[in-house]
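Chemist: First the structure, then my questions, so here it is.
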Amino acid sequence: MIRYSLKCDDGHSFDSWFQSAAAYDSLHRAGHLACAVCGSVKVEKSLMTPRVAPKERAAAPPQPSLSEPADHDQAKLADLRKKVEENSEYVGGEFVSQARAMHDGDTPERAIYGEAKPEEAKKLIEDGIPVAPLPFMPKRRTN
């Protein structure tokens, strides 16, 4: 595992772990990296100091918890995610058809969230179906 300090084109800094340097390069080339704060996909590695162990093994400084929000903004995003997950149904790739069916009255209305391609979301909006992007990726569900 390797940790990189990253920075988006809006100046937001954040850290992320990758399986390897090659994994980072592959994700970056494919456009699968996004800013943890604003969602921008224009993300680059920023300068960081290497962690070099001294000759004598001193106690390593405590590592920040990757499961806890690092700052106020991340805490707000975590709270939003929790509220969305508790109060709506994850429909995954069926989001577009489910949203359209509710709008057309073919299925009862309920709070849902899921995944849609940008052009699909744009078409929903053009058709008067209210949707909004979430500032986080849904957790993958295994059923």
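Chemist: Applying the selection to the stretch 94-116, what residues are within 27 Å of D73 (Cβ to Cβ) and either part of a helix (DSSP H, G or I) or open to solvent by 70 Å² or more (accessible area, probe 1.4 Å) (or both)?
Modeler: Listed by number, the list holds a single entry, F95.
Chemist: Return the pairs, sorted by first residue and then second, in which the second residue is open to solvent by 50 Å² or more (accessible area, probe 1.4 Å) and of a type outside the set (S, T, N, Q), the first residue lies in the stretch 76-87 and is over 18 Å from E115 (Cβ atoms) and free of Cβ contacts under 8 Å to residues at least 12 places away in the same chain, the beta carbons are less than 9 Å apart, and the residues are 6+ apart or on different chains.
Modeler: K76/P69; A78/E68; A78/P69; D79/P69
Chemist: Name the strands (runs of 3 or more DSSP E) wholly within the stretch 1-51 that hold at least 1 residues that are more than 23 Å from L77 (Cβ to Cβ), β-branched (V, I, T) and open to solvent by 80 Å² or more (accessible area, probe 1.4 Å)?
Modeler: none
Chemist: A further question on this structure: Assess whether P130 counts as being in contact (Cβ under 8 Å) with a residue 60 or more places away in the chain, touching a Leu at 6+ places or on another chain (Cβ under 9 Å) and of a type outside the set (K, R).
Modeler: no
Chemist: Could you list, in sequence order, the residues of the stretch 1-43 that are among the hydrophobic types (A, V, I, L, M, F, W, C) and closer than 16 Å to F136 by Cα?
Modeler: The answer is C8, F14, L33, A34, C35, A36, V37, C38, V41, V43.
The values are calculated or read from the model by the stated rules, or taken from the named source; none is laboratory data. From a predicted model like this one, the values you see are computed outputs, not experimental measurements. Here Cβ is always computed from backbone atoms with ideal geometry, including for glycine, and neighbour counts include all displayed protein chains. The area values use the complete protein model at the heavy-atom level, side chains included, leaving out ligands, DNA and RNA. Shrake-Rupley method; radii C 1.70, N 1.55, O 1.52, S 1.80 Å.
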